[in-house]
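K.L.:
Before we start, here is the structure in question, set down as structure tokens.
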Amino acid sequence: MPIEALRAALLAGASADGFGGDHAVSGHPEEPPEIRGALARAAVLMAVTTEREPQLLLTRRQAHLKRHAGQIAFPGGRMDAGDASLVVTALREAEEEVALAREHVEVLGMLENYTTGTGFAVTPVVGLVPPGLLLHAHAGEVAEMFHVPLAHVLDPRNHELRMGEWLGKPRRTFVIRHGGREIWGATAGMSVNLSKRIRL
């Protein structure tokens, strides 16, 4: 998928429909008040390399972490009191987790919030980064980091929908398979929403 198509989709600011966790992914600026007040704010960086076949940066979290242990994720985390914005949160977390310096990131825009069953409203920040950057995983948080072709992640034919149960309630989640790995949960859901944004 050409970088210019990604840039145009994000700059256009079109909204997409989707879902996440136990609540709908918001295609609107705000969640309903009863949801908004209960959720912690967080942000992730969807870093896309600017090369002929763009790649999407992903990490696998360490197995000992209290939240989302061992899961495939985008660099990101909870908004700190000192963060001026959720964009700053995403860039700071990427620096901390994989040593991706914020001056290397061209921020294109944000997707709609993704609400999770673990109590977070996550804002995906989409940015472009040069290929071949020398990154270093934070040993305490990141077990590995790797790239997946953006075209593969965004292809609707690779979006497998699974039904399950979470805390006694029905739950549906996307799974994206690649190279023996399964991208699922919020990471897959946000990837699907990016795919929908581009197709709009």
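The values are calculated or read from the model by the stated rules, or taken from the named source; none is laboratory data. Everything numeric in this text was worked out from a predicted model, so none of it was measured. As a convention, Cβ positions derive from the backbone with ideal geometry for all residues, glycine included, and neighbour counts pool all protein chains shown. Side chains are part of the model used for accessible areas, which takes the heavy atoms of the whole protein and leaves out ligands, DNA and RNA. Shrake-Rupley method; radii C 1.70, N 1.55, O 1.52, S 1.80 Å.
K.L.:
If I filter segment 101-136 down to residues being surrounded by fewer than 17 Cβ atoms within 10 Å (Cβ to Cβ) and among the small types (Gly, Ala, Ser), which single residue comes out as farthest from residue 171 (Cα to Cα)? Give the derivation first.
P.N.:
Quick first cut of segment 101-136, residues surrounded by fewer than 17 Cβ atoms within 10 Å (Cβ to Cβ) only: 101-104, 106-107, 117-119, 130-134, 136.
When the remaining residues are screened for being among the small types (Gly, Ala, Ser), the result is 101, 117, 119, 132.
Working: 101: 36, 117: 10, 119: 15, 132: 38 Å.
Applying the filter and picking the extreme gives 132.
K.L.:
Look at residue 90 and say whether it is under 15 Å from residue 47 (Cβ atoms) and not hydroxyl-bearing (Ser, Thr, Tyr).
P.N.:
yes
K.L.:
Suppose we filter segment 153-175 for residues that are under 24 Å from residue 43 (Cβ atoms) and at pLDDT 90 or above; how many remain?
P.N.:
Within segment 153-175, residues that are under 24 Å from residue 43 (Cβ atoms) and at pLDDT 90 or above number 5.
K.L.:
Another question about this same structure. Determine whether segment 77-87 contains at least one residue that is open to solvent by 20 Å² or more (accessible area, probe 1.4 Å), under 17 Å from the mean Cα position of the chain (by Cα), closer than 15 Å to residue 56 by Cα and at pLDDT below 95.
P.N.:
no
K.L.:
Here's another thing I want to ask about it. Condition test on residue 131, is it at pLDDT 90 or above, in contact with a strand residue (DSSP E or B) (Cβ under 7 Å, 6 or more places away or on another chain) and assigned to a loop (DSSP other than H, G, I, E, B)?
P.N.:
Spelling it out, residue 131 is indeed at pLDDT 90 or above, in contact with a strand residue (DSSP E or B) (Cβ under 7 Å, 6 or more places away or on another chain) and assigned to a loop (DSSP other than H, G, I, E, B).
K.L.:
For segment 72-86: of the residues being hydrophobic (A, V, I, L, M, F, W, C) and without any contact (Cβ under 8 Å) to a residue 12 or more places away in the chain, which is farthest from residue 147 (Cα to Cα)?
P.N.:
Of everything passing the filter in segment 72-86, 81 is farthest from residue 147 (Cα to Cα).
K.L.:
Quick one: in segment 109-147, which of the residues that are in contact with a Lys or Arg (Cβ under 8 Å, 6 or more places away or on another chain) and of a type in the set (S, T, N, Q) is farthest from residue 93 (Cα to Cα)?
P.N.:
Top of the filtered list is 118.
K.L.:
Going by what's in this entry, would residue 134 be described as closer than 22 Å to residue 106 by Cβ, among the aliphatic types (A, V, I, L, M) and without any contact (Cβ under 8 Å) to a residue 60 or more places away in the chain?
P.N.:
Considered against the rule, which asks whether it is closer than 22 Å to residue 106 by Cβ, among the aliphatic types (A, V, I, L, M) and without any contact (Cβ under 8 Å) to a residue 60 or more places away in the chain, residue 134 comes out as yes.
K.L.:
Here is a list: 143, 186. Which entry is open to solvent by 10 Å² or more (accessible area, probe 1.4 Å), within 22 Å of residue 42 (Cβ to Cβ), out of contact with any helix residue (DSSP H, G or I) (no Cβ under 9 Å at 6 or more places or on another chain) and assigned to a helix (DSSP H, G or I)?
P.N.:
On inspection, the qualifying residue turns out to be 186.
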